[in-house]
Amino acid sequence: MRKFEFVPAEKSQLKARVLISGAAGSGKTIAALELASALGSRAAVIDTENGSAALYSDKYKFEMLNLQPPYPPEDFVQAIEVAENSGFDVIVVDGITPEWSGTGGCLDLHTKLGGRFQDWAKITPRHRKFIQKILECSTHIICTCRSKQGYAMDEQSKKVTKMGMAPEQRDGLDYEMTLVFNIINQTHLAEATKDRTGLFDGKQFLISKNTGLEILEWLNSGTPAKSPTPTITDVRNLLISAGVKSIPDFKKVMMQVFGEEYNTLEELNQEQLLTLYKGIKNE
């Protein structure tokens, strides 16, 4: 039988998980870049909007990856991992709608399998890995998303009624995030539809760098978070990104770090994996 123990609850320092939704032209990209300028000193932008983020490179400092179709979930996961392993401290994914409804996205993949209900059994796990990557990202991450008209069934009249704007992504995404901002039409004003910080409830405002600074202060107002132990996959991806792609190169790194020869990562314990991970990161 396992032993369970209750301990005093305390807030740990966190990384931001922010979703910004809005119609085309509402200012999602600028809002995301404003937040990023406060949350970190080195920003990566994964652009799925035909490189539109580059239009603001004269005002904001960031490095950009122009992600082209098709848009399977795995490409988003890989792009986020490359940004993590490249030392960025804040990642902007502008935007994530194509992962769901774009060419090669989840809806497209489902249709190509036949569009049957049971076909979701093959698509949903792939989509969940993308969401899980956002949640487990080692850096702050800001996602933008197009919005669409939301609908709900009125229980009494049994009629479908409009319920305001909703993110154009799979239902439930907003529940996963620290903050969800909806930018209201062309006013560029934002309102928080999900706010775990309690900073923005009931307010309408223009998202700015100061908004990001408020969020950052809240995120840091807790006990330091424990660094998660990297997995073998994490270390393997980091080695590849560092140019270690052959067995001789791998053995050379093992000798440099540990002073002895190892043939595979599977031979290392958790403490050794963490040591190797930190050593490569700090090179």
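The values are calculated or read from the model by the stated rules, or taken from the named source; none is laboratory data. Owing to the predicted nature of the structure, the values given are computational and were not obtained by experimental measurement. Positions of Cβ are generated from backbone atoms using ideal geometry, with glycine treated the same way; all protein chains shown enter the neighbour counts.
Descriptive notes on the structure:
- Filtered residues of segment 48-95 (kept if touching a Cys at 6+ places or on another chain (Cβ under 7 Å) and modelled with pLDDT under 95): Glu84, Gly95
- Matching residues, segment 176-209, being surrounded by fewer than 11 Cβ atoms within 10 Å (Cβ to Cβ) and either on the phi > 0 side of the Ramachandran plot or at pLDDT below 80 (or both): Gly198, Gly202
- Leading residue by the ranking (surrounded by the most Cβ atoms within 10 Å (Cβ to Cβ)) among those in segment 106-132 that are touching a residue at least 40 places away in the same chain (Cβ under 8 Å) and basic (Lys, Arg): Arg126
- Test result for Gly87, under 30 Å from Ser41 (Cβ atoms) and either in contact with a helix residue (DSSP H, G or I) (Cβ under 9 Å, 6 or more places away or on another chain) or of a type in the set (Asp, Glu) (or both): yes
- Annotation note: of Thr48, Thr144, Thr97, Thr103, the sole residue that is under 30 Å from Gln186 (Cα atoms), surrounded by 14 or more Cβ atoms within 10 Å (Cβ to Cβ) and out of contact with any helix residue (DSSP H, G or I) (no Cβ under 9 Å at 6 or more places or on another chain) is Thr97.
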